[in-house]
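Asker: Would you mind keeping the following structure in view while I ask a few things?
Readers should treat all values here as calculations from the given coordinates under stated rules, not as data from a laboratory. Just so it is clear, the model here is predicted, and its values are computed rather than measured. Cβ: placed from backbone, ideal geometry, glycine included. Neighbour counts: every protein chain shown.
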Amino acid sequence: MENKSFFIKSYGCQMNEYDSEKIASILQKDGYMNTGDVSNADLIVFNTCNIREKAAQKVYSDIGRVTKKDDSKTIALVGCVAQAENDEIFRKNKNVDIVLGPQSYHLLPKMIDVYKKNKEKKINTEFIINEKFDFVHEDKSPKGVSSYVTIQEGCDKFCAFCVVPFTRGPEYSRSIKSIIDESKSLIDRGSKEIVLLGQNVNAYNYKDEKNIVYNISKLIDEVSKLDNIKRIRYTTSHPNNMDLELIKLHGSNEKLMPFLHLPVQSGSNEILKKMNRKYNVDEYKKITDQLKFYKPNIEISSDFIVGFPGETNNDFESTLDLVEYVKFKQSYSFIYSERPGTKAAKISDHTPKDEKKLRLNVLQKKLEDIQLEFNKSFCNKNITNVLIENQSQSNPEYFFGRSIYSQPVYVRAKRVSIGDVIPISIETCNHKSLYGTIFH
Ligand code: SF4
């Protein structure tokens with residue numbers, strides 16, 4: 001009998017994790033079994049990320065490791081590296097059999113069949129995104145407390161450093177009906193929190209058959225009406241799509257969590273211009289001020305690129321000033337990584353790598369200090385709203401949950417119901433997590 005087992009490895013962002021779940025469900029519908037173990041699988045799917053050079057390189061070393069032990073496995077390289085590198089992949093690694101862009105996952109079973117019949121390498125990197133969502137098969141398995149739902153894909157912004165507009169194509173918004181249907185199904189299967197996903201999630205714009213236009217604010221309102229939903233988040237947002245309606249919604253919709261990931265990338269106007277971010281520091285500050293006006297307890301996190309070509313020490317100091325002003329929580333920061341084909345790759349870059357590393361350390365230390373200060377503010381206090389996600393496998397007396405700010409909270413308790421929102425007495429913390437017991 002034909003071996004139809006697979007293993008999938010996901011790299012990069014939450015959108016890739018979400019896509020990997022969908023790929024798994026498409027394969028299962030075709031009779032494949034998810035082994036969860038690379039050595040037992042006949043088909044191995046690498047769902048790749050091309051945002052940084054390191055992530056793109058890692059996939060090739062992982063493929064090398066797998067095929068060194070057994071080169072009879074079928075290897076599918078899918079996702080953003082597939083889209084960006086196309087048939088170049090077959091030259092880079094002869095063990096890759098199938099290359100599939102992020103918009104055509106539904107074609108994977110057919111491509112595998114054809115490949116197995118003819119042993120001829122297969123490639124598809126077309127942008128046929130509307131079909132992709134039609135093929136999102138409903139799986140019936142129980143779901144975690146927090147689930148992702150993709151509402152939007154692609155990007156029209158063309159930031160100078162970013163490959164997404166090339167790998168994921170133009171902005172596309174999924175139909176409101178399919179988003180609501182998927183959210184309902186996830187809630188029926190145990191989810192309490194829905195995280196709406198998109199490369200430019202707040203650019204969501206969908207006109208239904210009655211010509212009603214839904215932006216992200218209207219969509220969030222619709223999702224929040226679903227029975228038994230406790231929390232809604234959305235990521236990743238672009239500052240230019242933070243309109244007043246959405247800002248005000250943070251103050252009026254109780255299910256929308258008071259924590260927003262709003263990447264700024266740099267605190268220098270010069271660098272923002274070179275990055276083609278299309279806003280300046282004052283405009284960004286105005287958005288965060290308005291958010292805090294309408295939702296006084298809101299907290300904001302960000303992404304930062306350090307050492308963008310031409311970044312001077314003064315530019316970097318401006319970034320530190322902005323961090324001080326907004327007091328970002330739980331941010332991500334990286335040294336600029338040149339991506340082939342982007343505008344930034346053509347800008348000459350004279351800052352030594354060591355200097356960039358130094359700047360990154362300074363920024364990360366500052367972000368960590370702010371985060372620690374924030375977490376300490378919860379110590380010896382009772383917080384009312386920790387959503388319990390699971391029980392520790394290694395120590396059943398510990399449960400894991402998240403606060404409204406997405407802080408990981410480790411709870412010592414004999415018994416807690418997964419999916420409940422409970423009050424916790426916070427005893428200790430570090431810059432990443434809070435630790436406590438149930439507050440009675
Ligand atoms: S808005 Fe985000 S996804 Fe779009 S080009 Fe800029 S960084 Fe990339």
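Asker: Quick one: which residues, 5 or more positions from Q391 or on another chain, have an amide H under 5 Å from its amide H? H modelled 1.01 Å from N in the peptide plane, none for Pro or chain starts.
Answerer: F400
Asker: Provide the gained length on full extension for the span F293 to N118, in nm with one decimal, where the gain is 0.36 nm per separating residue minus the Cα-Cα distance.
Answerer: In short, 56.7 nm is gained.
Asker: Let me ask something additional. Rule-of-thumb check for the range 144-244: C-alpha Rg over 2.2 N^0.38 Å?
Answerer: For the range 144-244, the normalised Cα radius of gyration comes out at 1.09.
Asker: Something else about it: Return, in residue-number order, each cysteine of the chain whose C-beta is not under 4.7 Å from any other cysteine's C-beta.
Answerer: Taking the Cβ cut-off of 4.7 Å, the unpaired cysteines of the chain are C13, C49, C80, C155, C379, C429.
Asker: Out of residues 5 or more away from I123 or on other chains, whose amide H comes under 5 Å of its own, with H placed 1.01 Å from N in the peptide plane?
Answerer: V99
Asker: Over the range 348-440, what is the mean sequence separation of C-alpha contacts under 8 Å (at least six apart), divided by residue count, expressed as relative contact order in percent? List each step's numbers first, then the result.
Answerer: Values: 169 pairs, mean separation 26.4, N = 93.
Averaging sequence separation for qualifying contacts and normalising by length gives 28 percent for the range 348-440.
Asker: Enter the Cα centre distance for the pair the range 218-243 and the range 164-195, rounded to the nearest angstrom.
Answerer: So the two Cα centres are separated by 11 Å.
Asker: Let me ask something additional. Under a point spin-label approximation (7 Å from Cα along Cα-to-Cβ), what is the N382-N228 distance to one decimal in nm?
Answerer: 2.9
Asker: Moving to a separate point now. Treating only the Cβ of Lys, Arg, Asp and Glu as charged (+1, +1, -1, -1), what charge dipole size does the range 229-373 show about its Cα centre? Round to the nearest 20 debye. Walk me through the intermediate numbers first.
Answerer: Values: 24 positive and 21 negative charges, 113 e Å.
Charge dipole of the range 229-373: 540 debye, to the nearest 20.
Asker: Report ³J(HN,Hα) in whole Hz for each residue of the range 337-347, in order, from the Karplus equation J = 6.51 cos²θ - 1.76 cosθ + 1.60 where θ = phi - 60°; Gly and Pro get x.
Answerer: Computed from phi, the couplings for the range 337-347 are 10, 5, 10, x, x, 8, 5, 5, 5, 8, 7 Hz.
Asker: Please state, rounded to one decimal and in Å, the Kirkwood hydrodynamic radius that the range 253-367 gives when every pair of distinct Cα atoms enters the mean of 1/r. Write out the running numbers ahead of the final one.
Answerer: Values: mean 1/r = 0.0673 Å⁻¹.
Evaluated on the range 253-367, it is 14.8 Å.
Asker: Calculate the spin-label point distance for N86 paired with L372, positioning each point 7 Å from the Cα along the beta-carbon direction, and give it in nanometres.
Answerer: The modelled label-to-label distance comes out at 5.0 nm.
Asker: Through the Karplus equation 6.51 cos²θ - 1.76 cosθ + 1.60, θ set to phi - 60°, convert the phi angles of the range 218-226 into ³J(HN,Hα) values in whole Hz; use x for Gly and Pro.
Answerer: 5, 5, 4, 4, 5, 5, 5, 7, 5
Asker: Is the range 5-128 rounded, prolate or oblate when judged by the Cα gyration tensor, a ≥ b ≥ c being the square roots of its eigenvalues, rounded requiring a/c under 1.5 and prolate requiring a/b larger than b/c? Walk me through the numbers before you get to the answer.
Answerer: Details: a/c = 1.18, a/b = 1.10, b/c = 1.07.
Since a/c stays below 1.5, the shape of the range 5-128 is classed as rounded.
Asker: Follow-up. Among V411, V195, G401, which residue has its Cα furthest toward the positive end of the charge dipole of the chain, with +1 on Lys/Arg Cβ and -1 on Asp/Glu Cβ?
Answerer: V411
Asker: Now a separate question. Need one number: nm distance between label points at T437 and N390, each 7 Å from Cα along Cα→Cβ, rounded to one decimal.
Answerer: 2.6
Asker: Which longest uninterrupted range of the chain lacks any GluC sites (Glu not before Pro) assigned by DSSP to a loop state (not H, G, I, E or B) and surrounded by at most 16 other Cβ atoms within 10 Å?
Answerer: Numbers: sites that count: E2, E120, E126, E138, E209, E254, E338, E397.
Counting at most 16 other Cβ atoms within 10 Å as exposed, the longest clean stretch of the chain is 3-119.
Asker: Hey, another quick one. Whole-Å semi-axes of the range 131-376's equivalent ellipsoid, largest first, each the root of 5 times a Cα gyration tensor eigenvalue? Don't jump to the answer; show the numbers that get you there.
Answerer: On the way: eigenvalues 219, 91, 56 Å².
Semi-axes from the Cα gyration tensor: 33, 21, 17 Å.
Asker: Can you give the FRET efficiency to the nearest 0.05 for E53 and S348, using r as the Cβ-Cβ distance and R₀ = 25 Å?
Answerer: On the way: r = 18 Å, r/R0 = 0.72.
According to the calculation, E is roughly 0.90.
Asker: For S72 and E427 in one chain, what is 0.36 nm times their gap in residues minus the Cα-Cα distance, to one decimal in nm? Show your work: numbers first, answer last.
Answerer: On the way: separation 355, 0.36 × 355 = 127.80 nm, distance 5.30 nm.
Full-extension gain reported as 122.5 nm.
Asker: Another question about this same structure. Taking every pair of alpha-carbon atoms in the chain, give the share separated by more than 42 Å as a whole percent.
Answerer: 16
Asker: Also, quick follow-up: Which order do the peptides 260-269, 379-388, 104-113 take when ranked by the mean count of other beta-carbon atoms within 10 Å per residue, highest first? Can you show the working numbers first?
Answerer: On the way: 260-269: 22.2, 379-388: 17.0, 104-113: 19.6.
Listed from highest to lowest mean packing, they are 260-269, 104-113, 379-388.
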